[in-house]
1. Residue by residue through the range 305-318, which ³J(HN,Hα) values in whole Hz follow from phi under the Karplus form 6.51 cos²θ - 1.76 cosθ + 1.60 (θ = phi - 60°), with glycine and proline marked x?
2. Starting from 0.36 nm per residue, how many nanometres of slack lie between E481 and I50 once their C-alpha separation is accounted for?
3. Compute the normalised compactness of the range 314-397: alpha-carbon radius of gyration over 2.2 N^0.38 Å, N being the residue count.
4. Mind ranking 445-457, 245-257 by how tightly packed they are, going by the mean number of other C-beta atoms within 10 angstrom, highest first?
5. Using only the alpha-carbon atoms of the range 344-476, report the extent along each of the three principal axes, biggest first, to the nearest angstrom.
6. Assign unit charges at the C-beta atoms only (+1 for Lys and Arg, -1 for Asp and Glu), then state the dipole size of the range 102-220 relative to its Cα centre in Debye, rounded to the nearest 20.
7. Could you pull the accessible area for F338 with a 1.4 Å probe, rounded to 10 Å²?
8. Roughly how many Å² of R47 are accessible to a 1.4 Å probe, to the nearest 10?
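The values are calculated or read from the model by the stated rules, or taken from the named source; none is laboratory data. In this text the structure is predicted, and so the values were computed from the model without any measurement. All Cβ positions, even for glycine, are placed from backbone atoms using ideal geometry, and neighbour counts span all protein chains on display. Just the protein is used for accessible areas: all its heavy atoms, side chains included, with ligands, DNA and RNA removed. Shrake-Rupley method; radii C 1.70, N 1.55, O 1.52, S 1.80 Å.
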Amino acid sequence: MPTLEAPEERLRKFKYRGKDASARRHQRIVVSLQLRKAKKDEQALKRRNITSLSPDPASEQPTKEVSLTLQEIINGVNASDPDLYFQATQAARKLLSRERNPPLKLIVEAGLIPRLVEFLKSSLHPCLQFEAAWALTNIASGTSEQTRAVVEAGAIRPLVGLLSSPHMTVCEQAVWALGNIAGDGPELRDFVISSNAIPHLLALVSSTIPITFLRNITWTLSNLCRNKNPYPCQKAVEQMLPILSHLLQHKDSEVLSDTCWALSYLTEGSNERIGHVVDTGVLPRLVELMTSSELNVLTPSLRTMGNIVTGTDHQTQVAIDAGVLGVLPQLLIHPKSFIQKEAAWAVSNVAAGPHQHIQQLITCNMLPPLVALLKNGDFKVQKEAIWAVANFTTGGTVDQLIQLVRSGVLEPLVNLLTIQDAKIVIIILDIITFLLQAAEKLSEKENLCLLIEELGGVDRIEALQLHENQHVALTALSIIENHFCEEEENGTILPVLDQDHEFLKYLKNYQSSTASEPRTKP
């Protein structure tokens, strides 16, 4: 998650138990950019075809190995002799398929794209169509300017036409080219959609096509789900969701990965968008994939489920019913910190729901690994765990807050009061305030104050009164004045706690039958 400029902005980005519960319920904004791009290349926007051998789509026309200079390629592509422009097109494709430093810019500047687009329409020459489509695929894998040059030359409609080619290799190369174009951004994605590409792509999915072809189709579909401002239209989403649900049952990890990424894009944004995916019934399968040992499957399935639990309480409950809370504790202790972080983010959004959801977190033993992250996790992971505790604290019943204290959460929170991130320090101080208010309801505030004192919390909170950030200083001052001054004024000496201390025994014996109504942030 990004480091945001103010707690208020954070509240707008996540479900949170705030003053206005109805506003909180309806405020579902996209997950922050840093989390969404935890690995910049987690799913490639565009990709080049750098295969060294070209399959021959028309066996009756053998290919000839020809090495041409750039000028010879330019002359040949613009020639009227079919043999010459085929050889030149193939030579151009080979240049563009070089693994290192392909001359995309030179080919574009040479003005070859319109001629390559024209070759896409040569239905009597499938080898020429194939070579032209491959060359255009690799040009479209370049910069946005280069991709746009392919589109402006009129490539999309003939590429869509090639999706119906009787030659599978031609068809697959057209799929790849359209995937690169759609991956450039929302404008070109919508151009591909409006050209009626989706029905043709869906018609290609079958159990008989080669796995490499199915992978390309799935990746292209994921790019058609990708990007926002605007999101893909509802009609397109409704067209793709049934086949994505089908592909989610596949065994191939690449197909599963791109399908999960597609669903993660479709669950960004509004609760309505989340609802479309939830209604397909894919959540149990997503939970199953969250147990995968392959990171390329685990990461997008976790991302998708994380998006879903930012939705309505009902949508979150559907995720809970699908078993997500049974998987998250293990992901909180996953060896990869970015998995821990996304799992903690998902937990924080479940904790932002009603106290029934919080109780299910407790029942599923979520607190021990969450406390472990607060103690030992990377700082970015710790921040997500702090948000989970904050949501837990502001939305839980008094009994649930007692269980939170029993889990040992106070010690790592007190230790984190020394960090440099003022916004997170404020959140921790708010958590401590809520816990003190809960203890006061039970006439146990004094004993909780003793526990905080024993953990070194009072010294740290007092020091924060001199913090350079005014919000931190005032929050710390408020805690000291409202909860710790009376003992000092009366000359009371705070005793040292041990394992048999009255408050700790009280926590162990406290029964849930005394739980109060859910609390909201005042």
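1. Running phi through 6.51 cos²θ - 1.76 cosθ + 1.60 with θ = phi - 60° gives 5, x, 5, 5, 7, 8, x, 5, 4, 5, 4, 5, 5, 4 Hz.
2. Length difference between fully extended and current span is 148.3 nm.
3. Dividing the Cα Rg of the range 314-397 by 2.2 N^0.38 Å gives 0.98.
4. 445-457, 245-257
5. Computed over the range 344-476, the largest-to-smallest principal extents equal 40, 36, 22 Å.
6. Roughly 180 debye, rounded to the nearest 20.
7. About 40 Å², ignoring ligands and nucleic acids.
8. Its heavy atoms expose roughly 70 Å² to the probe.
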